[in-house]
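Working notes, structure below.
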Amino acid sequence: MGAVRIRRAALALLALALVYGVAAEVAHGRLPTRVWMGAHFVEDVQLLPTYGSLAEEGAFLVESRILPDSIVVSSRRVLEGLLLGSIAGILLGLATGWAASVQYLADPWVTFFRFTPALALLPLFVVWFGYGESSKVLLIAAGVAVITLLGAHQGVRRVPRVYLDAAAALGAGPGLRFRKIVLPLAFPSIFASVRIAAGLAWVTIVVAELIDARMPSLGYLLALSGAYPRVPTMLIAIATVGALVLAFDLAALLLHARATRWMRRSA
Amino acid sequence: MKSIFNQRSLLWLASLLALIGAYTAIASAAARPDLIPPSQDIAEAFSALVSGPSAKPAPGEMPAAEMSGHAHHHHGRSTDQVDTLLQAGVTLQASLGVSTLRVLFGLAVGLPLGILFGLWMGWSRRADDYLHPIYVLVRSVPPLALITYIMLWLGHSEAHRLIPIVYAVAVTAVIPTYHGVRDLAAKYLVAARSLGARGSLLLNKVILPAAGPAVLGGLRYSIAIAWMTAVGAEMLMADDGMGNLLVGGGMWASRLQTRSDPAVIIVGVIALAAAGWAMDAVAQAATARLTRWVR
Amino acid sequence: MSGAPPILEATGVAYSYPGATPTRALEGLNLAVAENEFLAVLGPVGCGKTTLLRIFAGFLRPAAGTVRCAAASIDGPGWQRGYVLQEEAIFPWMSVRDNVEFGLLAKRLDPQARRAIGDDLLRLIGLSSFESAWPRELSAGMSKMVEVARVLATDPAILLLDEPFGALDAQTRARMQDALARLWEQRRKTVVFVTHDAEEALYLADRIVVLSPRPGKIKAEFAVDIPRPRSLDSRFSPAFLDLKRKVWEATGAG
C-alpha cells in the first residue's frame with residue numbers, strides 16, 4: 001500500500017468523521033426531538049447524537065459491561081456457527097465436487113436450500129430447538145454451510161483436468177491426487193466462500209437476535225435501544241457490529257495469507 | 001446433447017422425489033406432528049394459505065364455528081399461526097407478490113447505484129483511493145441493523161423496509177463491477193483510448209461490455225441478498241410479505257406470542273425457494289444471452 | 001541523416017515503477033524517430049521497451065526528460081499515435097468489422113464513410129469474408145491482424161507496436177511479419193516496433209536500437225540496409241546474416 005493511498009484513505013475517513021460531527025452539532029437543537037413510535041410519541045430523542053453524547057453513552061456501556069458482554073456473546077455465536085457450518089459445508093462440497101454420483105443425489109437439496117434465505121428458517125429452528133443458543137448457532141451454521149458447500153464444490157470442479165491427468169500418469173492414486181492437487185487448488189474458492197459466509201453470518205445473527213431478543217447480545221442491544229429509543233446506544237451498537245464484521249474480515253485475510261504460505265512450503 | 005439433458009433431468013427428478021419420500025419417512029418415523037409435520041399437514045397448510053379466509057356467512061345464518069369461538073371460516077388446517085394470518089387477511093400469493101415487488105424495487109434502484117459506484121472506483125485510481133475505505137465501512141454494517149434507526153427518521157413507512165434492500169443490493173453490486181472495470185476492462189480501455197475513443201463512446205462501447213460479464217455474474221448474488229434482506233425486514237417490521245407470513249403476523253412484540261406452525265413455515269420456505277430459483281433462472285438466461293461473445 | 005525534424009523524440013527520459021523497491025525502468029534515454037521510418041526497439045524481457053512505448057503512446061508520463069511528437073509535447077493517448085498492445089485486445093463483444101471501424105466511430109465518420117474504409121482494410125488484411133465473425137471464432141494470428149487493421153483505420157501518422165506477434169507460433173509469426181512488411185511498403189508510416197527477436201527486427205526495420213536491461217538505455221544502434229521488398233530470400237542473404245551476428249553480439253553480451 002503506497003503512501004499516497006494511505007494518505008488518501010485517511011483523508012477520506014477523516015472527512016467523513018468531520019462531516020458527521022459538524023452535522024450533529026448543527027442539528028443539535030434544530031432537529032425534531034419528538035418521534036412517533038407507532039402508538040405514541042416519545043420525547044427527547046437525539047436523531048443525530050453529537051460525538052460528546054456518543055462518547056458519554058459509550059463510556060457507560062463499556063463500564064456497565066453491557067457492550068463487552070454483548071460483543072462476546074454475539075461473536076461467540078457467529079464463530080461457533082461459522083465453524084460448524086464451514087466444516088459441514090466444505091466436507092459436503094468436496095464430496096459432491098469429487099464424486100459425481102454424490103452430486104446428483106445432493107443437487108435438489110442444495111438447490112432448495114440455496115434459494116432459501118437463512119433467516120426464513122429462523123422460526124422453524126425456534127420451533128425445533130427452542131429459544132436459545134442452539135437455534136441461533138444452528139441457523140448461522142445452516143446459512144454458512146450452503147455457501148461453503150458451493151465454494152468447495154466449485155473449487156473442486158474448477159481444478160484443471162491437466163493436473164489430475166499428469167498426476168495419474170505419474171502413478172498417483174485418487175487419495176493422493178485429492179490431497180495434493182485438488183485440495184490446494186480448491187483452497188482459494190473455499191476460502192473466498194468462507195469470507196462471504198462470515199459476512200452473511202453477521203447479518204443473520206443480528207436479525208435473529210433482534211427477533212429473539214435476550215440479554216446480552218448485540219441484537220438485543222439494538223432492539224432495546226430501538227424500543228425506547230436511545231439513539232446513541234443504537235448508533236454505538238450499529239458501529240460495533242460494523243467493526244466486528246471488519247475485524248472478522250481482516251482476520252480472514254490474515255489467515256488466508258498465513259495458510260497460503262504454509263501451503264507453498266509443504267507443496 | 002438432448003439425451004444427456006433428459007438423463008440429467010430424470011436423475012434430478014428422481015432425487016427430488018427421493019427427497020420428498022425421505023421427508024415423509026422421517027416425518028412418520030418421528031411421529032411428532034408438532035415438530036415435523038407430515039406431508040399432508042403441509043399440503044393442508046398450503047391450501048389454507050392459498051385460499052385465504054372464505055366468504056362471510058349469509059346474514060341470518062349462525063354457523064357452528066362462530067359459536068365455538070372461531071370468528072372466521074377457512075378450509076384446511078387450523079393452527080395458531082394459520083388463524084392469525086388468515087385473520088389478518090394474509091394469503092400465500094399476496095405475501096409472495098408483495099415480497100417479490102420489494103425485491104424487484106430493491107434491484108431496480110440498488111443495482112444502478114452499486115454499478116455506478118463500482119464503475120467510478122474502477123475507472124479512476126484517485127476515486128478508488130478515496131472511496132474504497134468508505135465503501136469498506138459502509139459494507140461492514142448489515143443493512144437490517146439500520147432498520148430501527150431509519151424508522152426514527154422516516155416513521156413506519158414502506159421506505160424503512162425498502163431502504164435496507166436497496167442498500168444491500170447496491171453494496172453487493174459494487175465489487176463485481178469494480179473488478180470488471182479494473183481488471184478485465186483495463187487492456188481494452190488502453191486500446192480504445194489509443195483509437196481516440198473518449199467519454200460516452202468509451203463508456204457505452206468499451207467499459208460496459210468489457211465489465212458486463214463480471215457485473216452480470218454478481219447479479220445472481222445480488223438477487224439472493226435482496227431476498228434475504230426483504231424477508232428479514234418483513235420479519236421485523238411489516239404486516240405483509242413472506243417474512244410476515246413466516247413469523248406469524250402480528251406486530252413486533254406480539255410476534256413471539258403466536259405459536260409457530262412448522263407446516264406454515266415449510267410452505268413459506270418452499271415458496272421462497274421457488275421464487276428465488278425462478279429469479280435466478282431468469283438472471284442466468286439473461287446473462288447467457290447478453291454474453292454470447294465470451295470465449 | 002536527413003535534415004527533416006524527427007516526428008518522435010525522447011530526450012533524457014527516465015521512468016520508475018512505484019512499489020516497495022522502485023524499479024528504474026528507463027534512465028537518460030535519448031531517441032529520435034524520423035518520419036516514415038520503421039524503427040525496431042530490441043531488447044530482452046524487462047529492459048523497458050514496453051515502458052518506452054507506453055510513454056510514446058501517452059499512457060505514462062516520464063519522471064524526467066521530455067517526449068515530443070511533431071514538436072508538441074505528448075499529453076495523453078490519441079489516435080495520431082496508434083498503439084497495438086502485447087496482450088490480445090480485440091474487442092470480443094464486437095464483430096471483426098465493428099472492431100476495425102471502431103476508431104472511425106470515435107472520429108464521428110458517417111456510416112458510409114466507415115463502411116468504405118472498413119471494406120478497404122478488411123481486403124488489405126485478407127479477412128473480408130470474416131467481417132461478421134466474432135473474435136472468439138478467430139485464431140490468434142487473425143485477431144492480431146484485426147487489431148493492426150483497427151489501428152490503421154484512423155490513418156495515424158505513427159504506429160506503436162508492442163511485440164504484436166509474440167504470442168504466435170513460428171510459422172504464423174513469419175506470415176504476420178510478411179503481411180506487416182507488405183502493409184508498410186504500401187502505406188508508409190512511422191513505426192516503432194518493439195521486439196525481443198533479432199531476426200524479426202532485421203526483417204522488418206530500417207533501423208534497430210538495442211536497449212539494455214534495467215535501467216533501460218540505448219546500448220547500440222544498427223542501420224538495416226537490406227533492400228526492400230524483403231522476402232524469405234532476404235533472411236538468408238549474407239548481409240542479413242552478417243548483421244544478425246552483429247546484433248546478437250550487441251544484445252547477448254549485456
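Annotation for the range A:185-207: at least one member residue is more than 14 Å from chain B (Cβ to nearest Cβ), under 19 Å from the mean Cα position of the chain (by Cα) and of a type in the set (Phe, Trp, Tyr).
Within the range A:208-241, the only residue that satisfies the criterion of being facing chain B (nearest Cβ under 8 Å), touching a residue at least 40 places away in the same chain (Cβ under 8 Å) and in contact with a Phe, Trp or Tyr (Cβ under 6 Å, 6 or more places away or on another chain) is A:Asp212.
Looking only at the range C:36-48, count every residue that is over 12 Å from C:Ala14 (Cα atoms) and either in contact with a strand residue (DSSP E or B) (Cβ under 8 Å, 6 or more places away or on another chain) or within 14 Å of chain B (Cβ to nearest Cβ) (or both) and tell me the total. Working first, answer last.
Within the range C:36-48, the first condition is being over 12 Å from C:Ala14 (Cα atoms), and the residues that meet it are C:36-47.
From what is left, the residues that are either in contact with a strand residue (DSSP E or B) (Cβ under 8 Å, 6 or more places away or on another chain) or within 14 Å of chain B (Cβ to nearest Cβ) (or both) are C:36-43, C:47.
Residues meeting the conditions: 9.
This table checks each residue for (1) within 13 Å of another protein chain (Cβ to nearest Cβ); (2) within 28 Å of A:Pro232 (Cβ to Cβ); (3) in a helix (DSSP H, G or I); (4) out of contact with any Phe, Trp or Tyr (no Cβ under 6 Å at 6 or more places or on another chain).
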site: A:Pro49; (1), (2), (3), (4): yes, yes, no, yes
site: A:Ala55; (1), (2), (3), (4): no, yes, yes, yes
site: A:Phe60; (1), (2), (3), (4): no, yes, yes, yes
site: A:Pro68; (1), (2), (3), (4): no, yes, yes, yes
site: A:Ser75; (1), (2), (3), (4): no, yes, yes, yes
site: A:Leu82; (1), (2), (3), (4): no, no, yes, yes
site: A:Pro108; (1), (2), (3), (4): yes, no, yes, yes
site: A:Val126; (1), (2), (3), (4): yes, no, yes, yes
site: A:Val137; (1), (2), (3), (4): no, no, yes, yes
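Candidates A:Leu183, A:Leu222, A:Leu250: the one that is assigned to a helix (DSSP H, G or I), of a type outside the set (Gly, Ala, Ser) and more than 30 Å from B:Trp227 (Cα to Cα) is A:Leu183. A residue that is part of a helix (DSSP H, G or I) and either more than 9 Å from chain B (Cβ to nearest Cβ) or out of contact with any Pro (no Cβ under 7 Å at 6 or more places or on another chain) (or both) occurs somewhere in the range A:26-47. Within the range B:123-140, is even one residue surrounded by 22 or more Cβ atoms within 10 Å (Cβ to Cβ) and either within 20 Å of the chain's Cα centre (by Cα) or more than 12 Å from chain A (Cβ to nearest Cβ) (or both)? No, the range B:123-140 contains no residue that is surrounded by 22 or more Cβ atoms within 10 Å (Cβ to Cβ) and either within 20 Å of the chain's Cα centre (by Cα) or more than 12 Å from chain A (Cβ to nearest Cβ) (or both).
Residues are listed down the side, and each one gets a yes or a no for (1) within 12 Å of chain B (Cβ to nearest Cβ); (2) at pLDDT 90 or above:
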| residue | (1), (2) |
| --- | --- |
| C:Phe130 | no, yes |
| C:Gly141 | no, no |
| C:Arg150 | yes, yes |
| C:Ala153 | yes, yes |
| C:Leu160 | yes, yes |
| C:Phe165 | no, no |
| C:Leu168 | no, no |
| C:Gln171 | no, no |
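Residue by residue, here is whether (1) within 14 Å of chain C (Cβ to nearest Cβ); (2) touching a Phe, Trp or Tyr at 6+ places or on another chain (Cβ under 7 Å); (3) surrounded by fewer than 24 Cβ atoms within 10 Å (Cβ to Cβ) holds:
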residue: B:Leu202; (1), (2), (3): yes, no, yes
residue: B:Pro209; (1), (2), (3): yes, yes, yes
residue: B:Thr229; (1), (2), (3): no, no, no
residue: B:Gly241; (1), (2), (3): no, no, no
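Among residues of the range A:74-103 that are loosely packed, with under 15 Cβ neighbours inside 10 Å, those with a Cβ under 6 angstrom from a residue that is in a helix (DSSP H, G or I), sequence gap 6+ or separate chain, pair up as A:Val102/A:Ala95; A:Val102/A:Thr96. The sole residue among B:Leu144, B:Leu104 that is more than 26 Å from A:Tyr220 (Cβ to Cβ) and either surrounded by 22 or more Cβ atoms within 10 Å (Cβ to Cβ) or at pLDDT 90 or above (or both) is B:Leu104.
Within the range C:49-84, restricting attention to residues that are away from chain B (no Cβ under 14 Å) and within 13 Å of the chain's Cα centre (by Cα), the residue that is farthest from B:Gly196 (Cα to Cα) is C:Lys49. Any residue in the range C:219-243 that is closer than 10 Å to C:Tyr203 by Cα sitting within a Cβ distance under 9 Å of a residue that is outside any helix (DSSP H, G or I) and modelled with pLDDT under 90? List the pairs, counting only those 6 or more apart or interchain. Close Cβ pairs (under 9 Å, with a partner that is outside any helix (DSSP H, G or I) and modelled with pLDDT under 90) amount to C:Ser234/C:Ile226; C:Ser234/C:Pro227; C:Ser234/C:Arg228; C:Phe240/C:Ile226; C:Phe240/C:Arg230.
If you go through the range B:155-192 and keep only what is in a loop (DSSP other than H, G, I, E, B) and either under 20 Å from the mean Cα position of the chain (by Cα) or buried (at least 18 other Cβ atoms within 10 Å of the Cβ) (or both), you end up with B:Ser157, B:Glu158, B:Ala185. Only residues that are under 28 Å from A:Val4 (Cα atoms) and among the aliphatic types (A, V, I, L, M) were counted in the range C:6-30, giving 6.
With respect to A:Ala166, is the statement that it is surrounded by 17 or more Cβ atoms within 10 Å (Cβ to Cβ) and either more than 9 Å from chain B (Cβ to nearest Cβ) or closer than 23 Å to A:Ile140 by Cα (or both) true? Walk me through it before giving the result.
Numbers: surrounded by 17 or more Cβ atoms within 10 Å (Cβ to Cβ): no; either more than 9 Å from chain B (Cβ to nearest Cβ) or closer than 23 Å to A:Ile140 by Cα (or both): yes.
Answer is no for this residue.
Might you let me know whether the range C:85-104 holds any residue that is surrounded by 21 or more Cβ atoms within 10 Å (Cβ to Cβ) and within 13 Å of the chain's Cα centre (by Cα)? Yes, some residue in the range C:85-104 is surrounded by 21 or more Cβ atoms within 10 Å (Cβ to Cβ) and within 13 Å of the chain's Cα centre (by Cα). Scan the range A:182-224 for residues that are more than 19 Å from A:Ala252 (Cβ to Cβ) and modelled with pLDDT under 85 and jot them down. Result: A:Leu210, A:Ile211, A:Asp212, A:Ala213, A:Arg214, A:Met215, A:Pro216, A:Ala223, A:Leu224. Exactly one residue among A:Val144, A:Val162, A:Val102, A:Val127 is under 17 Å from the mean Cα position of the chain (by Cα) and β-branched (Val, Ile, Thr), and that residue is A:Val144.
Pairing each residue of the range B:10-28 that is closer than 9 Å to B:Ser39 by Cα with any residue that is part of a helix (DSSP H, G or I) and not hydrophobic (A, V, I, L, M, F, W, C), provided the two are 6+ apart or on different chains, yields C-beta distances under 8 Å for B:Ile20/B:Ser39; B:Tyr23/B:Ser39; B:Thr24/B:Ser39; B:Ala27/B:Ser39.
Which residue is farthest from C:Gln186 (Cα to Cα), if the candidates are limited to the range C:225-254 and must be part of a loop (DSSP other than H, G, I, E, B) and among the hydroxyl-bearing types (Ser, Thr, Tyr)? Among those residues, the one meeting the criterion is C:Ser237.
The values are calculated or read from the model by the stated rules, or taken from the named source; none is laboratory data. Predicted model only: the values in this text are computed from it and were never measured. When we count neighbours, we look across all protein chains shown, and the Cβ atoms used for this are built from the backbone with ideal geometry, even at glycine.
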